[in-house]
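Okay, structure first, notes after.
The values are calculated or read from the model by the stated rules, or taken from the named source; none is laboratory data. Values in this document were obtained by computation on a predicted structure and should not be read as measured data. Every residue, glycine among them, receives a Cβ derived from its backbone with ideal geometry; neighbour counts consider all protein chains shown. Accessible surface areas use protein heavy atoms only, side chains included; no ligands, DNA or RNA. Shrake-Rupley method; radii C 1.70, N 1.55, O 1.52, S 1.80 Å.
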Amino acid sequence: MSTTPTVHFEAASTLAVVVSSHEPLLFLSDDLKIIAASASFCRAFDIDPTSVPGKKLGELGHGEWAMPKLESLLKATASRSADIQAYEIDLKRPNGGTRQLVVNAQTLDDGDVEHIRLLVAVTDVTDARAEARLKDDLARDKAILLQEVQHRVANSLQIIASVLMQSARRVQSEEARGHLHNAHHRVISIAALQRQLSTSPGGSVELRTYLKQLCQSLGASMIADPSRLSIHVSADDSAVEADVSVSLGLIVTELVINALKHAFPDERTGTVMIDYRSSGRDWTLAVADNGIGMAAGRDAPKAGLGTGIVEALVKNLDGEITLSDAGPGTIVTIDHQESAGLRADLSPSVYAR
């Protein structure tokens, strides 16, 4: 039977594990002399393996490992008064380059209670940190570029809206003037969205602010006497993706235009009310007025361009549209229920006057 002390066997086993490790490891005595270094450590930091044993940590390489703070922490770890966990250091290489390292250290119980030994793991995170910074820089540049594009688009839309209004004032045909006005209002809808997008994080749109800005723009261009007609917006704290907000904004634009043009003839006073509520992925948009209500039967108007726009947008959102008597007035409700599955085709001409 072998008489080799167990402590010697365990120490030798630890030494073999360290030397053969694929990770950069150091095996140190409590006075920070190197007992062994893994081949991976020597390769990573250009150190001759034969020169390592017996040297102190600060003597490795060309002295670049002489770091007083690191040595102090290692000695505190050896005395069991501290632990080194993910301690970051900058290693200045002899060639002038600097590597960012993460150091972890712990005492090792290898059976020799009279001598404290340390196992030190060193991870080079230089490339990973550089990649992370590059990703952050790209994301920031992308956000700045997107914001600039949104500002330019919004400005361009404002110019287009102004040109449409100028053209409407010059044409003689009432029908052509009406079409130009409608086009102007639709451009305003998209311009309001662009303004909201330019201040919204992550490409999402906070609907309450967006709908209020949209309706303020519509009111300014369509309501000559604010004491007679007004638009009120009520919405929860919902935020939606940009493409959804485009559809919702165009739907509101068409329904508000429709109400302001047809619900209040003969200088009637009244209000158009917009309400949006969501629960999870389900949501409801309602546009109501307290005007004269919908004509029925033979007096019901034929479907126009606005009807087709709203129906197409609602279908694209996988929603259902219903028309109700608000007593007085009319309410148009668009429901999207995620759990409802596939929708039936929308019935035509549900709200046009």
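Computed values, structure above
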| item | result |
| --- | --- |
| Full-extension gain in nm, residue 100 to residue 324, via 0.36 nm per residue minus C-alpha separation | 73.9 nm |
| Peptides ranked, highest mean first, by Cβ atoms within 10 Å: ranges 206-213, 232-239 | 206-213, 232-239 |
| Of all accessible heavy-atom area on the stretch 201-264, the percent that carbon and sulfur account for (1.4 Å) | 51 percent |
